[in-house]
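Have a look at the structure that comes next, please.
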Amino acid sequence: MTISRSTRRVAFTLIELLVAMTVLALLVILIARSLNSAALTTTGSRKQMDADSQARMILDRIGSDLGRMTKRSDVDCFLKGWSADVIMPGNDVLFLFSETIGYFRGASLSAKSPVTLVGYRVNSVSTPGTKAYALERFGQALAWEASPEAESMAFLTYPPGDATPIPESTIQGRWPAIVGGPPNYTGGTSADYRAIGEQVFRFEYCYLLKDGTFSNTPFLPAHTRIDGARDILAIVVGIAILDNASRKIATDLSLLSDALPDPTNAQLAQTPPVLMAETWRNAMSASTFADSVGLPQSAVGQVRVYQRFYYLGN
């Protein structure tokens, strides 16, 4: 007897294949989104840590210079608001004598200096080796007395007291090419400018006076000049940082810098006072801010704002 056996072929139908491919595609999409979200979170955290690290270094450096500031009534310091025409709209500059370590140019290159002319600014144009809109520090070592080997502070003082006319800045008068000119005083040039914050595009400060008020003027209304910073209890410094990747998206960083306004005296007089950090965050929270500065909202969200008080202790 012969037994016949029928063979049945087993295979997937077209519908089963489509369902399987759809499920696989959904899984791939979900995994890709998870990985992308994790990558964005990691990148954002890394940018935040980089900004925090740079801000800490910069603010510590400023604090070191201000902590050793030469506060004598006959010694000049070129600060915002010290005279009616030094308003400095936009990024501020700061020049002062500080008893911090510096080095002489010329014959005594290895000699440590007892006092240094220190300056801070945001240079709005690129210079050799430096990008535009980066925070720069100037440091030139000086001697207390006249010296044939180095610049000195000799004859760079003025008579103290409010009875005498307000003098011209001895710093600006002696080093006009370094300090620059109005209105922003950021056009100075010197080989001693060094970028210490390549991601810092905004630098602003105001004063906490000894009567407890905040002001853009570095002395109380009863006085007419700085006179050794006698009326300043603290200098409040604000900086804004934008990472290098986000900078590449910006077509014009001047728009972003200008869009973070200076705090007005009216804002500083409010209770509580509206200082730089709050003023800038309020500006960036506006719905039209991103379009006005030519940046996507994601890049605007990468702007980091920092603020610190420096008490002068005089």
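The values are calculated or read from the model by the stated rules, or taken from the named source; none is laboratory data. Worth saying up front: this structure is predicted, and the values here are computed from it rather than measured. FYI the Cβ positions are ideal-geometry reconstructions off the backbone, even for glycines, and counts take in every protein chain you see.
For every residue, the table says whether it meets (1) among the hydroxyl-bearing types (Ser, Thr, Tyr); (2) touching a Gly at 6+ places or on another chain (Cβ under 7 Å); (3) closer than 17 Å to residue 121 by Cα.
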{"position": "185", "(1), (2), (3)": "yes, no, yes"}
{"position": "192", "(1), (2), (3)": "no, yes, yes"}
{"position": "210", "(1), (2), (3)": "no, no, no"}
{"position": "215", "(1), (2), (3)": "yes, no, no"}
{"position": "234", "(1), (2), (3)": "no, no, no"}
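Right, another one. For the range 227-263, enumerate the residues that are closer than 23 Å to residue 53 by Cα and polar (S, T, N, Q).
Within the range 227-263, 244, 246, 257 meet the criteria.
Further question: Can residue 92 be described as assigned to a loop (DSSP other than H, G, I, E, B) and at pLDDT 90 or above? Explain how you work it out, then say what you get.
On the way: assigned to a loop (DSSP other than H, G, I, E, B): yes; at pLDDT 90 or above: yes.
Taking the combined requirement at face value, the residue satisfies it.
Here's something else I'd like to know. Identify, please: which residue in the range 6-57 is hydroxyl-bearing (Ser, Thr, Tyr) and modelled with pLDDT of 80 or more and is, among those, farthest from the chain's Cα centre (by Cα)?
In this case the residue turns out to be 13.
Considering only the range 186-241, how many residues are of a type in the set (A, V, I, L, M, F, W, C), without any contact (Cβ under 8 Å) to a residue 12 or more places away in the chain and touching a Ser or Thr at 6+ places or on another chain (Cβ under 9 Å)? If you could, list the steps in order and put the result at the bottom.
Initial filter on the range 186-241 (of a type in the set (A, V, I, L, M, F, W, C)): 191, 195-196, 200-201, 203, 206, 208-209, 214, 219-220, 222, 226, 229, 232-237, 239-241.
Still in the running and without any contact (Cβ under 8 Å) to a residue 12 or more places away in the chain: 191, 220, 222.
Filter once more, keeping what is touching a Ser or Thr at 6+ places or on another chain (Cβ under 9 Å): 220.
So the answer is 1.
Follow-up question, since we're still on this one. Find the residue count for the range 271-283, including only residues that are modelled with pLDDT of 95 or more, in a loop (DSSP other than H, G, I, E, B) and more than 17 Å from residue 80 (Cβ to Cβ).
Qualifying residue count, the range 271-283: 1.
Given the structure, is residue 263 part of a loop (DSSP other than H, G, I, E, B), at pLDDT 90 or above and in contact with a Pro (Cβ under 9 Å, 6 or more places away or on another chain)?
Working: part of a loop (DSSP other than H, G, I, E, B): yes; at pLDDT 90 or above: yes; in contact with a Pro (Cβ under 9 Å, 6 or more places away or on another chain): yes.
Taking the combined requirement at face value, the residue satisfies it.
So residue 260 clears everything in (1) crowded, with 19+ Cβ neighbours inside 10 Å; (2) in contact (Cβ under 8 Å) with a residue 60 or more places away in the chain; (3) not hydroxyl-bearing (Ser, Thr, Tyr) except one condition, right? Which one?
If we test residue 260 against (1) crowded, with 19+ Cβ neighbours inside 10 Å; (2) in contact (Cβ under 8 Å) with a residue 60 or more places away in the chain; (3) not hydroxyl-bearing (Ser, Thr, Tyr), just (2) comes out false.
Moving on to the next point. Run down 76, 85 and say which single residue is acidic (Asp, Glu), buried (at least 18 other Cβ atoms within 10 Å of the Cβ) and touching a residue at least 40 places away in the same chain (Cβ under 8 Å). Step through it out loud before you land on a result.
Values: 85 fails: buried (at least 18 other Cβ atoms within 10 Å of the Cβ).
None of the others qualify; the one that does is 76.
Among the candidates 234, 259, single out the residue that is of a type in the set (A, V, I, L, M) and either farther than 25 Å from residue 71 by Cβ or touching a Cys at 6+ places or on another chain (Cβ under 8 Å) (or both). So that I can check it myself, show each step before the final result.
On the way: 234 fails: either farther than 25 Å from residue 71 by Cβ or touching a Cys at 6+ places or on another chain (Cβ under 8 Å) (or both).
Just one listed residue meets the conditions, 259.
To continue, here is another question. Identify the single condition in (1) of a type in the set (S, T, N, Q); (2) free of Cβ contacts under 8 Å to residues at least 40 places away in the same chain; (3) surrounded by fewer than 19 Cβ atoms within 10 Å (Cβ to Cβ); (4) out of contact with any helix residue (DSSP H, G or I) (no Cβ under 6 Å at 6 or more places or on another chain) that residue 279 does not satisfy, given that it satisfies every other one.
(3)
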